[in-house]
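Scroll down for the structure; my scribbles are underneath it.
Each reported figure results from applying straightforward, stated rules to the coordinates on display, with no laboratory input. Here the structure is a predicted model, which means the values were calculated and not measured. Cβ: placed from backbone, ideal geometry, glycine included. Neighbour counts: every protein chain shown.
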Amino acid sequence: MTAARTYFEDIVVDRVQLTPAITVTEAHVAMYQGLTREVPLESSDVPDVLPLCMAIGLGWRVKDPPMVVQAFVGLDWKVMKELRVGDTMHSRSRIVSKRALRDGGLVVDERTILDQHGEVVQQGKFTFLVAKRQKEASA
Amino acid sequence: MADPRRYFDEIELGEEYESPGRTVTEADVVMFAGLSGDYNVLHTDAEFMKTTIFGERIAHGLLCLAIQSGLFSRATAPYATLAFGGLRWKFKLPVKIGDTIRLRAKVIEKKDLDKPDRGLVTLERTILNQRDEIVQQGQTDLVVQKRS
């Protein structure tokens with residue numbers, strides 16, 4: 001049996017999903033800085049792109065089967081508030097739109113990163129190319 | 001010691017920088033999967049990826065976006081940045097393990113903000129691979145302090 005997956009046809013516009021939460025630690029920052037060399041701003045202790053990277057991983061930890069993402073197409077992103085070490089973030093996803101292409105389709109997913117107080121830390125839109133079911137079945 | 005940071009007033013429209021190259025390794029991809037929790041098969045299943053158009057695992061798009069953020073700090077003197085405003089970004093080509101990427105960045109807009117002590121600097125950033133192909137491209141907004 002193959003694992004359940006969410007294809008383009010299965011995606012429901014306006015569906016909202018919440019991820020589990022994760023506490024951002026010194027260890028995350030140290031690993032991230034070793035990997036990327038991104039330096040946090042003077043006023044902060046968490047580099048700004050790190051919460052975005054962690055949000056995409058959290059996005060796979062929801063109840064729905066994973067989307068069959070063939071490519072990450074684009075990103076439109078805003079940073080509202082700095083996150084600090086010790087803060088606990090989670091993310092909310094809402095499917096804004098879907099558009100069928102010949103092969104697969106484009107799905108726009110609005111992601112919001114919230115902190116432990118429910119305040120919006122970062123927010124934006126991901127565009128994914130998602131596989132259609134038929135193509136997969138006939139491949 | 002002199003402040004090495006560059007303030008809004010000193011940054012000129014049209015300035016361009018190019019970073020050193022950075023080879024994206026298997027270790028980078030594995031570490032990023034562990035750090036981000038993104039274990040999508042695109043990045044972690046070598047056997048499955050042999051059956052796709054890519055032929056092999058590809059680096060996470062966000063890994064390369066994060067690497068360019070680090071490359072920016074090796075391309076030019078640091079800005080007196082107060083905040084990162086946001087970005088608009090396109091992932092154009094896959095980056096494979098062993099590819100070498102570098103960043104080209106250009107100041108395309110400078111704007112005053114409501115608060116008089118700061119301004120917005122928009123950079124166009126292009127990530128190129130070893131074949132000079134554009135793999136990612138977009139614009140980033142930085143809130144930068146004014147000197148006066």
Measuring from a point 7 Å past the Cα of A:L18 along Cα-to-C-beta, which residues in the range A:64-90 have an amide N at less than 17 Å?
A:64, A:88-90
Cβ-Cβ FRET estimate between A:T88 and B:K146, R0 fixed at 35 Å, reported to 0.05:
0.50
As I understand it, the value is the acute angle between the Cα axis of helix B:26-36 and the longest principal axis of the Cα atoms of chain B; what does it come to in degrees, rounded to 10?
70
Measuring from the longest principal axis of the C-alpha atoms of chain A, the long axis of helix A:26-36 (C-alpha) lies at a number of degrees, nearest 10, equal to 70
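What does the charge count around B:A105 come to, taking other residues whose C-beta lies under 10 Å from its C-beta (Lys +1, Arg +1, Asp -1, Glu -1)?
Working: positive: B:R104, B:K106, B:R125; negative: B:E15, B:E16, B:E18, B:E124.
Taking every other residue near B:A105 into account, the sum is -1.
Evaluate the relative contact order of the range B:8-145 (contact order divided by residue number), counting alpha-carbon pairs under 8 angstrom at least 6 apart; express in whole percent.
Values: 268 pairs, mean separation 41.8, N = 138.
Value for the range B:8-145: 30 percent.
Let me check against my output: what whole-number percent is the relative contact order of chain A, with C-alpha pairs under 8 Å and at least 6 apart? List each step's numbers first, then the result.
Details: 272 pairs, mean separation 44.0, N = 139.
Relative CO of chain A lands at 32 percent.
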Taking chain A as a Gaussian network, where each spring joins two C-alpha atoms under 10 Å apart, which residue of A:L101, A:L58, A:L35 fluctuates the most?
A:L35
What angle, in degrees between 0 and 90 and rounded to the nearest 10, separates the Cα long axis of helix B:61-75 from the longest principal axis of the Cα atoms of chain B?
40
Find how many whole Å separate the alpha carbon centroid of the range A:57-87 from the alpha carbon centroid of the range B:1-75.
16
Which of B:I11, B:I101, B:I67 ends up with the largest GNM mean-square fluctuation for chain B, with Cα atoms connected below 10 Å?
B:I11
Out of B:D132, B:D38, B:D114, a Gaussian network model of chain B with alpha-carbon springs under 10 Å gives the largest mean-square fluctuation to B:D114
For A:V46, A:V13, A:V69, which order do you get if you count the other beta carbons within 10 Å of each Cβ and list the fewest first?
A:V13, A:V69, A:V46
When the Karplus curve 6.51 cos²θ - 1.76 cosθ + 1.60 is applied with θ = phi - 60°, which whole-Hz ³J(HN,Hα) does each residue of the range B:6-19 get, with x for Gly and Pro?
9, 8, 3, 4, 8, 7, 9, 4, x, 4, 10, 10, 9, 8
Among the lysines, which fall within straight-line cross-link reach of A:K125, defined as a Cα-Cα distance under 27 Å, with same-chain neighbours fewer than 8 residues apart omitted?
A:K63, A:K78, A:K81, A:K98, A:K135, B:K90, B:K92, B:K96, B:K106, B:K110, B:K111
